[in-house]
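Let me begin by presenting the structure, written as C-alpha cells, before commenting on it.
The values are calculated or read from the model by the stated rules, or taken from the named source; none is laboratory data. All values derive from a computational prediction rather than experimental measurement. So basically every Cβ, Gly included, is an ideal-geometry build from the backbone, and we count neighbours across all protein chains shown.
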C-alpha cells in the first residue's frame, strides 16, 4: 500500500541536516499504524510527503503502486482527492456549514469517492449521515452549524469527512490532542471500526504514546530516521 525508499527531504538546499531521512518503510493495506515522536521530529512533514502535498528532495514514495513524487502537481492533487482521507489536528471544518455539508465536501473533488459513497447509500448526504451516526453524532446534531458543536463532536465530523467515499488511506494528524484520555481511546476505537469497514490503511500520528497499545503496529519516527528497527 505504502512504500518509502531512500526518502530525504530538506526545506532548502543549505539546510545542514534533512528534516526527513528514511531508508525504507513499508505499510500494508488495512494496517493500523501508530506513528509517534516528539514535537519537531518531522511527523507533519512526513504526512505532507505521504499526502503528496510536498515531494521529497530525493528518493521514492509509492502509494497504491504509483510513484506519487513523479506526478505533476495537478495529478498529485487528483490522487490525494481520490485515495486519501485526512483528519487534521485543528479539524479544518467550515463553521457556518452543517456537519452533513462539511462531510459531503470530502466527495466534492472526487468522482471516484462519490461513486464509492453511492454504493452504500442512495445519496451523498445520506452516506454522510450514516457515517456521522456510526461515529456517534446523532441526527439532531447533523443539521446545525458545526461551530455550535463541542470539540469532540467536531472531531467526529472531521473523521466522517475523511472516511466518506472509502479512500484507501486515512491519515490522522494528532486528531485527539484536545480530548482527555478516556475520550481519546474511545475515538480511536471508532476510527478502527470505520477503517475496518472500508479496509482502509490508517496512519495515526501522535506524540501521546499512551495510545500506542491500541495499535497492532507502532513506529517511532526518531528511530526510523536513525536507521534502527523502529517497528514495535
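What to note about this one:
- Of the numbered criteria (1) surrounded by 16 or more Cβ atoms within 10 Å (Cβ to Cβ); (2) over 13 Å from the mean Cα position of the chain (by Cα); (3) in contact (Cβ under 8 Å) with a residue 24 or more places away in the chain; (4) not in a helix (DSSP H, G or I), the one residue 91 fails is (2).
- Hey, residue 175 crowded, with 24+ Cβ neighbours inside 10 Å, modelled with pLDDT under 90 and either part of a helix (DSSP H, G or I) or in contact with a strand residue (DSSP E or B) (Cβ under 9 Å, 6 or more places away or on another chain) (or both) or not: yes
- Pairs meeting the criteria (first residue in region 42-68 and free of Cβ contacts under 8 Å to residues at least 40 places away in the same chain and at positive phi, second residue assigned to a helix (DSSP H, G or I) and crowded, with 16+ Cβ neighbours inside 10 Å, beta carbons under 9 Å, at least 6 apart or on different chains) are 52/68; 52/69; 52/76; 52/79; 52/80.
- Matching residues, region 102-120, being part of a helix (DSSP H, G or I), in contact with a helix residue (DSSP H, G or I) (Cβ under 8 Å, 6 or more places away or on another chain) and buried (at least 18 other Cβ atoms within 10 Å of the Cβ): 102, 103, 104, 106, 107, 113, 117
- When region 195-210 is limited to residues that are at pLDDT 90 or above and in a helix (DSSP H, G or I), the one that is surrounded by the most Cβ atoms within 10 Å (Cβ to Cβ) turns out to be 195.
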